[in-house]
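The values are calculated or read from the model by the stated rules, or taken from the named source; none is laboratory data. All values derive from a computational prediction rather than experimental measurement. Glycine gets a Cβ as well: all are built from the backbone with ideal geometry, and neighbour counts include every protein chain shown. Heads up: the accessible areas ignore ligands, DNA and RNA and are worked out on the full protein's heavy atoms, side chains in. Shrake-Rupley method; radii C 1.70, N 1.55, O 1.52, S 1.80 Å.
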Amino acid sequence: CSQSAESFKSVAKEHKELADAQYMGGLSDLRCGMLKQAEDAYQATLRANSNHAQSLSNLGEIYYRQGKVDGAKQYWARAVQAYQKLVAARNNLASMILQDMKKTADAKRWAELDKEAQNHLSSVLAVDNDNMEAYVIYALLYMEGSDRNRSRLDLATLLLDEGEKRNNSYAPLYNARGLLLMR
């Protein structure tokens with residue numbers, strides 16, 4: 001029995017190393033803009049480890065770049081399920097939810113989406129409280145619905161102020177501040 005366990009551990013280690021190597025190849029391809037090769041590498045990674053969160057997240061990025069928004073959302077959701085602390089997938093999901101909020105007229109659905117996006121962004125900031133993208137998306141989230149609740153603008157201001165304390169040269173922060181001032 002102990003020999004079987006050791007054999008299993010050896011095979012599992014080889015699969016993990018194989019999955020990590022395939023992931024790194026995919027990451028290199030993605031950074032070079034070779035989306036098809038990156039997608040193939042990530043799919044191979046998932047055949048070795050179906051819960052490889054970074055591969056799932058990066059597949060979401062590839063699908064998003066290709067205009068396959070529903071596929072991107074599915075991969076990002078799977079990535080978050082595989083690893084709760086994966087900030088890129090959570091930021092991307094929150095951004096997509098924000099877009100959905102802008103399209104809905106149903107107040108109940110809007111509130112559900114708002115809560116879901118806040119959950120993702122709060123989780124990101126709990127893991128990485130210097131994550132500038134999360135501060136900006138969170139501020140944009142609070143700007144939505146400010147026509148019905150002006151106090152959301154105060155929360156957006158606070159988030160942008162906190163972000164600016166961490167990195168005052170992050171360009172999207174200034175874009176968001178401009179949008180805030182327009183409101």
Quick one: divide the alpha-carbon radius of gyration of the stretch 34-123 by 2.2 N^0.38 Å and tell me what you get. 1.14
Accessible area (Å², 1.4 Å probe, nearest 10) - Lys73: 50
Of the listed links Lys36/Lys165; Lys36/Lys73; Lys36/Lys103; Lys68/Lys103; Lys103/Lys165; Lys68/Lys102, those spanning more than 29 angstrom between alpha carbons are Lys36/Lys165; Lys36/Lys103; Lys103/Lys165
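Counting only protein heavy atoms and using a 1.4 Å probe, what share of the accessible area of the chain belongs to carbon plus sulfur, as a whole percent? Mind dumping the intermediate values first?
On the way: 5330 of 10490 Å².
Here carbon and sulfur together make up 51 percent of the probe-accessible area.
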Considering the values (1) 48, 18, 12; (2) 65, 18, 11; (3) 37, 17, 17, which represents semi-axes √(5λ) of the Cα gyration tensor in Å as calculated for the structure under consideration? (3)
To the nearest 10 Å², what's Lys36's accessible area with a 1.4 Å probe? 120
I'd like the distance separating the alpha-carbon centroids of the stretch 106-183 and the stretch 14-92, in whole Å. 26
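Let me spell out the model: positive unit charges on the Cβ of Lys and Arg, negative unit charges on the Cβ of Asp and Glu, origin at the Cα centre of the stretch 40-158. What dipole size does that give, in debye rounded to 20?
That gives the stretch 40-158 a dipole magnitude of about 260 debye.
With +1 on the Cβ of every Lys and Arg and -1 on the Cβ of every Asp and Glu, and nothing else charged, how large is the dipole of the stretch 33-103 about its Cα centre, in debye rounded to the nearest 20? Provide the component values of the computation, followed by the final result.
Values: 10 positive and 5 negative charges, 33 e Å.
For this selection, approximately 160 debye.
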In vacuo Debye scattering of the stretch 139-183, one point per C-alpha: log10 I(q)/I(0) at q = 0.16, 0.24 Å⁻¹? -0.36, -0.76
Which one, Gln74, Leu46, Leu30, is farthest towards the positive end of the dipole of the stretch 28-183 when Lys and Arg carry +1 and Asp and Glu -1 on their Cβ? Gln74
